[in-house]
Amino acid sequence: SGREVDWLRVGFAPRKTALSVYLSGDIQHQHGEALTRLGKHKTGLGCLYIKRLTDVDLNVLAEMIAASLAMDFFAR
């Protein structure tokens, strides 16, 4: 639409059914390899759903968050 908005690079939202982690970009494309090592989770286009933090490898989650923060969306 050409509309410009500010958007977060990483976000967290504790939901009733799961912790939602919002990462930059398409999660499957940008973090595909890390997802295979993460543990029990579900994904949306830009969202990672985790029921319990004990279900995932926190080091892999930290790696994914760091990678999302390091993305440069303006580089061509």
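The values are calculated or read from the model by the stated rules, or taken from the named source; none is laboratory data. Since we're looking at a predicted model, the values are computed, not measured. With ideal geometry, Cβ positions are generated from the backbone for all residues, glycine too; neighbour counts draw on all protein chains shown. Heavy atoms of the whole protein, side chains included, go into the accessibility calculation; ligands, DNA and RNA do not. Shrake-Rupley method; radii C 1.70, N 1.55, O 1.52, S 1.80 Å.
Annotation: LEU38 fulfils all but one of (1) out of contact with any Asp or Glu (no Cβ under 7 Å at 6 or more places or on another chain); (2) buried (at least 16 other Cβ atoms within 10 Å of the Cβ); the unmet one is (1). Looking across region 3-17, the residues that are aliphatic (A, V, I, L, M) and either in contact with a Lys or Arg (Cβ under 6 Å, 6 or more places away or on another chain) or in a strand (DSSP E or B) (or both) come down to VAL10, ALA13.
Let's see how each residue does on (1) under 14 Å from the mean Cα position of the chain (by Cα); (2) surrounded by 12 or more Cβ atoms within 10 Å (Cβ to Cβ):
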| position | (1), (2) |
| --- | --- |
| GLY2 | no, no |
| THR17 | no, no |
| ILE50 | yes, yes |
| ASN59 | yes, no |
| ILE65 | yes, yes |
| SER68 | yes, yes |
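Taken as a whole, the structure places GLY25 among residues that are at positive phi and not charged (D, E, K, R). Among the residues of region 4-11, none qualifies, meaning not one is open to solvent by 40 Å² or more (accessible area, probe 1.4 Å), more than 12 Å from the chain's Cα centre (by Cα) and at pLDDT 90 or above.
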